[in-house]
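All remarks here apply to the structure that follows.
The values are calculated or read from the model by the stated rules, or taken from the named source; none is laboratory data. Fair warning: this is a prediction, and the values are worked out from it, not measured in the lab. Reconstructed Cβ throughout: ideal geometry from the backbone, glycine too, with neighbour counts over all protein chains shown.
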Amino acid sequence: MKRTIKGVILAGGLGTRLYPLTKVTNKHLLPVYNKPMIYYPLETLVEAGIRDIMIVTGGNNAGDFLRLLGNGAEFGLKHLHYTYQQGEGGIAAALSLAEHFADGHLLCVILGDNIVEKSIAPYVERYLEQGSGAKILLKAVPDPTRFGVPVIEDGRVVRIEEKPKVPGSPYAVTGIYFYDEKVFDIIRTLKPSARGELEITDVNNAYLERGELTYDILDGWWTDAGTFESLLLANQLVAERERRRARAAPESARPSP
């Protein structure tokens, strides 16, 4: 029997790379073109058919997510779950807070500053068919040293290196991950990195060592929005996408001038 999948959006952290923009608000509430940043990962999950979603947030502005999103009615949801992360412990530490919400289900995890051009529904479907283990989505980028980078040999990922000075491939591990319930046991075994954080790359490598990690190459553009440069790029990409959609829309569906 095919298993069901829940969604987790990781929107905690202090956003220090975007200071002073983040001095008085959470990074994920900053605007990207015509919407708050958090709308994009939420819309990505909902469009892919995921309706049971938790947002992990933190900092002094966590209450603003509830005021902005409520129970998710604007997105066609009946309910949104929230939990709070104290400080900055890394992506894996943030994910660990969703264990009770996951309740043994498969998970699609997306970072709150990740924006994609196209639907992730095909990858959700493939992971549901996979039914266990983990799946990561890769994308070729001009600056892989900013990300976790897969080393690929004979079409297989053999290891993932975190922010390598000499990347083993042109690909970044995007901030979209699929995990089964074993992810929480793996997180409990992790030791903090030199940055003092529990790294999601260590989680992915643990699945890799078990022979339980698959990957797909993400179709369409992808960007994070965690630096000034990538935030600007995200605005430009989304603006162009919306202009294309407006041009393609039937005359009757276009807004009045």
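Rundown of residues vs (1) closer than 18 Å to Asp143 by Cβ; (2) among the aromatic types (Phe, Trp, Tyr); (3) modelled with pLDDT under 95, yes/no style:
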position: Asp216; (1), (2), (3): no, no, no
position: Asp219; (1), (2), (3): no, no, no
position: Leu233; (1), (2), (3): yes, no, no
position: Arg245; (1), (2), (3): no, no, yes
- Message: Condition first: in contact with a Gly (Cβ under 8 Å, 6 or more places away or on another chain), surrounded by 13 or more Cβ atoms within 10 Å (Cβ to Cβ), over 28 Å from Leu29 (Cβ atoms) and not hydrophobic (A, V, I, L, M, F, W, C). Can you find one or more residues in region 220-235 that meet it?
- Response: no
- Message: Restricting to region 55-96, and then to whatever is closer than 14 Å to His28 by Cβ, of a type in the set (S, T, N, Q) and over 17 Å from the mean Cα position of the chain (by Cα), can you tell me which residue is surrounded by the most Cβ atoms within 10 Å (Cβ to Cβ)?
- Response: Asn61
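So which residues in region 122-142 are surrounded by 14 or more Cβ atoms within 10 Å (Cβ to Cβ) and not basic (Lys, Arg)?
Start the filter on region 122-142 by keeping residues that are surrounded by 14 or more Cβ atoms within 10 Å (Cβ to Cβ), which leaves 123-125, 127-128, 130, 133-139, 141.
Residues satisfying the conditions are Tyr123, Val124, Glu125, Tyr127, Leu128, Gln130, Gly133, Ala134, Ile136, Leu137, Leu138, Val141.
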- Taking region 1-54 only, how many residues are crowded, with 19+ Cβ neighbours inside 10 Å and assigned to a strand (DSSP E or B)? 10
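So, Ala73, is that one under 26 Å from Lys163 (Cα atoms) and hydrophobic (A, V, I, L, M, F, W, C) or not?
Judged against the criteria, Ala73 is not a match.
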- Message: Can you list the strands (runs of 3 or more DSSP E) lying wholly within region 112-175 that have 1 or more residues being under 18 Å from Thr223 (Cβ atoms)?
- Response: 134-140, 148-153
- Looking at region 53-77, which of its residues are farther than 26 Å from Gly15 by Cα and touching a residue at least 12 places away in the same chain (Cβ under 8 Å)? Gly76, Leu77
- Here is a list of conditions, (1) in contact with a Ser or Thr (Cβ under 8 Å, 6 or more places away or on another chain); (2) hydrophobic (A, V, I, L, M, F, W, C); (3) farther than 24 Å from Ile152 by Cβ, and Trp222 meets all of them except one; can you say which number that is? (3)
- at pLDDT 95 or above, more than 17 Å from the chain's Cα centre (by Cα) and crowded, with 21+ Cβ neighbours inside 10 Å, is that true of Tyr207? yes
